[in-house]
Amino acid sequence: MLAERLRYDGGMFLLLFLLSVMGVPPQRPADIVEWSATPVSAGVTAGDTAKIVLRAQIQSGWKLYALSQPAGGPQKLSIAVAKDAPFTISEKQIVAPPPKKMKDANFGTDSLYYEKAVELTVPVTVAKGVSGQVDIPLEITFQACGAELCLRPYTQKLSVPLTVR
């Protein structure tokens with residue numbers, strides 16, 4: 001009787017474990033927020049600034065925290081170029097729509113966020129001496145939260161082609 005009971009309990013545990021593992025696909029930040037970027041114009045002169053349109057498609061039910069997210073809560077959106085790349089971004093000059101504001105139960109603070117989609121214009125200054133076809137290596141660090149789950153901050157890397165004259 002005890003052996004049958006242990007076999008039943010062990011089998012139920014294994015079944016429940018497998019259902020929980022297989023029934024809930026893992027949430028990857030890149031699946032929740034899909035990023036794309038394109039230059040406003042195909043070319044720029046070395047030493048000048050290129051404008052890059054950065055778009056985020058945000059999965060339904062999720063929030064992407066804004067550039068202006070105050071400290072003490074979730075990871076604010078951050079847009080940079082890869083270290084040692086011949087480009088610079090001034091985050092203060094990024095043009096973004098006003099975010100929504102809410103009392104965020106996940107963090108116990110007021111949070112600034114976007115839902116569904118957001119489009120930002122990112123000014124990227126090209127160093128003097130750069131020429132030809134180049135790729136701007138953007139690094140977008142963000143955090144997304146749903147009603148009951150917050151994903152860890154994640155850095156998405158994008159490469160934006162640009163012709164420098």
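Read-outs: derived from the displayed coordinates by stated rules, not from any lab. Since the model is a prediction, treat every value here as computed from it, not as a measurement. Here the Cβ is made from the backbone with ideal geometry for all residues, glycine too, and neighbour counts use every protein chain on show.
Assorted remarks:
- Coupling constants for the stretch 122-137 follow from the phi torsions by the Karplus curve (6.51 cos²θ - 1.76 cosθ + 1.60, θ = phi - 60°), and in residue order they are 10, x, 10, 8, 9, 5, 5, x, 7, 8, x, 7, 10, 10, 8, x Hz; glycine and proline get x.
- Label-point separation, Arg55 to Lys128 (7 Å along Cα→Cβ), nm: 3.7 nm
- Distance (nanometres) between label positions extended 7 Å along Cα→Cβ at Asp84 and Thr155: 1.4 nm
- Under the Karplus curve 6.51 cos²θ - 1.76 cosθ + 1.60, θ = phi - 60°, whole-Hz ³J(HN,Hα) for the stretch 100-105, x wherever Gly or Pro sits: 7, 10, 8, 7, 8, 5
- Separation of the Gln93 and Ser68 label points, Cα + 7 Å toward Cβ, nm: 2.0 nm
- The packing ranking, built from the mean of other Cβ atoms within 10 Å per residue, places the peptides 47-57, 150-160 in the order 47-57, 150-160, highest first.
- Tail beyond 27 Å, pair distance distribution of the stretch 28-164 (Cα, percent): 23 percent
- Phi-based couplings in Hz for the stretch 62-72 (Karplus 6.51, -1.76, 1.60; Gly and Pro marked x): 10, 10, 10, 6, 7, 4, 8, 4, x, 5, x
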